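Working notes, structure below.
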Amino acid sequence: MLYVSTRGKTDIVSSAHAITRGLADDGGLFVPQSIPAMRMTDIKAMSGKPYTERAVDVLLQYLTDFSEDELRQCVNAAYAPEKFGADPAPLVQVNENTGVLELWHGPTSAFKDMALQLLPHLLTRSMRKTGETNKVVILVATSGDTGKAALEGFADVEGTQIIVFYPKDGVSDMQKRQMITQAGKNVKVFGIEGNFDDAQRGVKEIFGNTALAAALGTKGYSFSSANSINWGRLVPQIVYYFSAYVDAVKSGKIEAGDGINFVVPTGNFGNILAGYYAKLMGLPIERLLCASNSNNVLTDFINTGTYDKRREFYKTISPSMDILVSSNLERLLYNVTDCDSARVAEYMKQLNTEGVYKVDSDDLKRIQSEFFGAWVDELETKEAIGRIYSDYHYLMDTHTAVAWRALEKYRFLTSDETYTVVLSTASPYKFADSVLDALGDGQLAGSDAFAELHELNEKTGVEIPPRMLALQELPVLHKEIVAADKMELAVMTNLL
């Protein structure tokens with residue numbers, strides 16, 4: 001399996017090269033030359049396997065320059081029980097035709113752990129395969145969860161340095177605390193004056209600065225990424241769609257071969273794109289429901305074919321989705337245009353220069369045949385948290401609630417009662433203040449992050465993640481705030 005750039009001006013590379021480099025030299029994203037097929041017999045065979053072996057089955061299809069033993073070593077280390085418990089991605093039945101796939105049982109209590117505990121193992125092996133001798137500098141822009149998960153995965157990993165940028169006023173108190181207390185001799189965290197899109201744009205500009213790359217190369221550094229622009233971040237996420245499907249079959253909710261829907265709260269489009277790849281591989285997915293908050297650029301795009309980032313940016317109670325430029329959409333465009341890299345490059349050029357692009361009618365029809373878009377405001381999000389807890393005694397965070405409410409809108413509009421899996425992307429404790437507010441009697445909400453944890457625990461009995469409680473005793477190690485246009489300077493100062 002070889003990889004090409006979505007923009008068509010980069011050499012074809014192996015998966016190890018794609019993982020090591022992160023972003024293609026032409027500014028595009030690496031995508032597989034072809035999509036491997038999984039037969040239903042292969043999918044059914046996953047039923048009796050643990051999550052780690054299901055992961056090996058899927059990863060083998062894409063990472064063909066890794067041996068089966070290598071991949072098994074990587075996934076066993078990444079998803080060790082001491083990190084994730086007995087089941088890294090349990091499917092919890094909430095009502096008769098809806099399950100919730102809990103993806104937050106890893107060390108940082110967010111779904112990003114599912115990929116970012118594995119990526120360091122894939123990257124270090126990829127470096128050996130490609131003969132990379134420089135120290136790889138991992139640059140990360142985060143809307144909240146990716147930053148901590150990447151820091152946790154790469155802390156003290158030999159041959160790497162990791163630098164994370166987060167919007168100083170655009171993450172929850174707990175997300176911020178997780179990042180600024182991160183220890184490790186190779187880690188650095190900066191808050192920026194701006195939002196996630198500013199951070200993401202800054203990181204991409206650093207990647208695109210060939211003079212800077214050359215200067216740092218002489219000092220023994222090379223850039224890579226832990227954002228989902230890196231194929232090594234995206235491919236592990238395909239696994240949990242297959243795992244959820246076989247668990248739904250095991251529980252008797254569907255028969256093998258039946259169609260299933262997934263609803264995904266997403267801002268950067270990576271999480272839902274992994275489901276799209278799973279469908280292309282043969283998983284019987286009927287519809288992928290793209291759930292947005294008030295930053296509803298993806299909903300508008302799916303419904304109209306116009307992607308327009310020229311709109312007001314909202315800071316919401318689901319901050320990991322507060323994004324107006326969804327990088328992974330570029331990979332979807334590459335597929336729906338039948339790999340027309342010139343057209344994709346033109347769309348991206350229009351987005352950068354004009355802030356808007358519009359796909360043609362045939363491309364839009366293909367997108368709408370696969371995806372449904374809906375958005376959910378703040379009041380609806382809180383109402384869903386309170387109502388689902390009251391009706392089913394199931395506690396959701398603010399992002400999962402967006403997905404649940406989007407599913408309700410979809411069912412109302414379509415009368416489609418297909419069994420559906422809601423992807424739950426974070427522990428409710430990461431957003432305890434908003435969850436308490438949604439439950440209606442959070443007396444301490446908005447006061448102290450750790451008091452809120454205890455109040456939510458006392459009200460619901462849901463266990464507080466132990467590592468989150470431990471944050472209270474950890475010293476703050478990263479206090480620097482930089483302007484969004486000074487990110488490159490911060491990188492240079494940190495490295496040189």
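Between residue 300 and residue 67, the FRET efficiency estimated from the beta carbon spacing at R0 = 51 angstrom works out to 0.70. Partner aspartates and glutamates whose Cα lies under 17 Å from the Cα of residue 188, excluding those fewer than 8 positions away in the same chain, are identified as 145, 152, 156, 158, 480, 488. Sparse packing (at most 12 other Cβ atoms within 10 Å of the Cβ) combined with a DSSP loop state is found for the following GluC sites (Glu not before Pro) in region 277-383: 312.
At 1.4 Å probe size, with every protein chain present, just tell me what the per residue accessible area of the chain comes to in Å².
Working: 17920 Å² over 496 residues.
Accessible area per residue: 36 Å².
Taking 15 Å as the straight-line reach from the Cα of residue 309, the aspartates and glutamates in range (excluding those fewer than 8 positions away in the same chain) are 197, 198, 300, 322, 330, 354.
With all protein chains in place and a 1.4 Å probe, the accessible surface of the chain carries 48 percent carbon and sulfur. For the chain, a simple Cβ point-charge model (Lys and Arg +1, Asp and Glu -1, everything else neutral) yields a dipole of about 1120 debye relative to the Cα centre. Restriction of the trypsin sites (Lys or Arg not before Pro) in region 270-318 to DSSP coil positions whose beta-carbon has at most 15 other beta-carbons within 10 angstrom yields 310, 311, 315. Taking amide H positions as modeled 1.01 Å from N, with prolines and chain starts lacking one, the residues under 5 Å from residue 324 and 5 or more places away or on another chain are 197.
Taking one quarter of the surface of the convex hull spanned by the alpha-carbon atoms of region 278-392 gives a direction-averaged projected area of 8.5 nm². Residues whose amide H falls under 5 Å from that of residue 286, counting only those 5 or more places apart or on a different chain, are 260, 261, with hydrogens built in the peptide plane. Annotation note: GluC sites (Glu not before Pro) in region 98-164 located in DSSP loop regions with a Cβ neighbour count of at most 10 within 10 Å are 158. Structural descriptor for the chain: relative contact order 19 percent, calculated from alpha carbon pairs under 8 angstrom and at least 6 residues apart. Please work out whether region 444-491 counts as rounded, prolate or oblate from its C-alpha gyration tensor, where a ≥ b ≥ c are the square roots of the eigenvalues and a/c under 1.5 means rounded, while otherwise a/b larger than b/c means prolate and anything else oblate? The shape class here is prolate.
Against the empirical 2.2 N^0.38 Å (N residues), region 93-183 has a Cα radius of gyration ratio of 1.27.
Pairs from the table (129/219; 44/382; 430/479; 83/279; 44/409) lying more than 27 angstrom apart at Cα are 44/382; 83/279; 44/409.
Extension gain, residue 353 to residue 134, is 75.4 nm, computed as 0.36 nm per intervening residue step minus the present C-alpha separation. The share of C-alpha pairs in the chain whose separation exceeds 36 Å stands at 24 percent.
Gyration tensor over the Cα atoms of region 177-276: the corresponding equivalent ellipsoid has semi-axes (square roots of 5 times the eigenvalues, largest first) of 37, 16, 14 Å.
Our helix-only sum for the chain, with -39,500 (n - 2.57) per DSSP H run of n ≥ 4 divided by its residues, gives a mean residue ellipticity at 222 nm of -14000 deg cm²/dmol.
The values are calculated or read from the model by the stated rules, or taken from the named source; none is laboratory data. It should be emphasised that the depicted structure is a prediction, and the values quoted were computed from it without experimental measurement. For neighbour counting, all protein chains shown are included, and Cβ atoms are generated from backbone atoms with ideal geometry for every residue, glycine included. The area values use the complete protein model at the heavy-atom level, side chains included, leaving out ligands, DNA and RNA. Shrake-Rupley method; radii C 1.70, N 1.55, O 1.52, S 1.80 Å.
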